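Chemist: Supplied in structure tokens, the structure appears directly below.
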Amino acid sequence: EEAGALPASPTNGDPDWWFSVQAASLLVLVAYFLDRFGHVLHTTLQDALAAQAEVRQQASERIRAQDALIEEQRFSTAALENLPAIFTLLGRDGRFTRWNRNFPRALGMTDKELANATLEDVFSPKDHEEVRRHVQRVFEDGRDTTLPVTGYNVRCTSIAMSQGFDTG
């Protein structure tokens, strides 16, 4: 045989048999890779669809949680607004952080004024030291107290909140 020539067929001496074997091998190889690629593509698409479904599920859960939180906030606001008494939350800095509508009405102040007000703006100057002492006790010890101030019967109560919540 010459160098580079195709081997002769073992059955009839025809060199085309080698081309047929190579073509068949190539077709098998192509079919294998197409099948593997098709399988990989199918698996990749399945994984992508599963991931998308999981993201949709998580988004739906977040939306339901947000809706529940909004509903809880509406309920809390309605409950506070409809209390027959004055309600307010005070931050550690002595500023009011939340109140019901009775608080500004009783003081003759607007919500905007209250947002910038401190205890000293609400109570008589002669009561400031006593008010500070009682409020400090509530923040430090968590003990309830009643403020003996002129013109008011003020009950101070510590509200335990979840970790990470700071009232000011």
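The values are calculated or read from the model by the stated rules, or taken from the named source; none is laboratory data. The shown structure was predicted, so the numbers you read here are calculated from the model rather than taken from an experiment. Cβ sites come from the backbone with ideal geometry, for glycine too, and all protein chains shown count toward neighbours. Ligands, DNA and RNA are stripped out before the accessible areas are found, and what is left, the full protein with its side chains, is counted by its heavy atoms. Shrake-Rupley method; radii C 1.70, N 1.55, O 1.52, S 1.80 Å.
Chemist: Step through the residues of the range 117-127 one at a time and calculate ³J(HN,Hα) from phi using the Karplus curve (6.51 cos²θ - 1.76 cosθ + 1.60, θ = phi - 60°), rounding each to whole Hz and writing x for Gly and Pro.
Modeler: Values, residue by residue: 8, 10, 4, 4, 6, 9, 9, 4, x, 5, 9 Hz.
Chemist: Right, another one. Once neighbouring chains are kept in place and the probe is 1.4 Å, which whole percent of the accessible area of the range 51-121 is contributed by carbon and sulfur?
Modeler: Answer for the range 51-121: carbon and sulfur cover 53 percent of the accessible area.
Chemist: Still on this structure: Contour minus end-to-end for ARG98 and ARG155, with contour as 0.36 nm per residue of separation and end-to-end as the Cα-Cα distance?
Modeler: Between ARG98 and ARG155, full extension yields an extra 18.9 nm.
Chemist: Can I ask one more? What distance in nm lies between label points placed 7 Å from Cα along the C-beta direction at GLU140 and ASP67?
Modeler: Reported label-point gap for GLU140 and ASP67 is 4.8 nm.
Chemist: What number comes out for the charge environment of ARG105, summing +1 per Lys or Arg and -1 per Asp or Glu over other residues with Cβ under 15 Å away? All intermediate terms of the calculation are to be shown ahead of the outcome.
Modeler: Numbers: positive: ARG101, LYS112; negative: GLU81, ASP111, GLU113.
Spelling it out: positives minus negatives among the neighbours equals -1.
Chemist: Give me the extension gain from THR110 to THR77: residue separation times 0.36 nm, minus the current Cα-Cα distance, reported in nm with one decimal.
Modeler: Full-extension gain reported as 10.1 nm.
Chemist: Ordering PHE87, PHE75 from largest to smallest accessible area (1.4 angstrom probe), what's the sequence?
Modeler: Putting PHE87, PHE75 in descending order of accessible area: PHE75, PHE87.
Chemist: Here's something else I'd like to know. Rolling a 1.4 angstrom probe over the protein heavy atoms, how many square angstrom per residue are accessible across the range 47-160? Write down the numbers at each step before the final one.
Modeler: Details: 8000 Å² over 114 residues.
Per-residue value: 70 Å².
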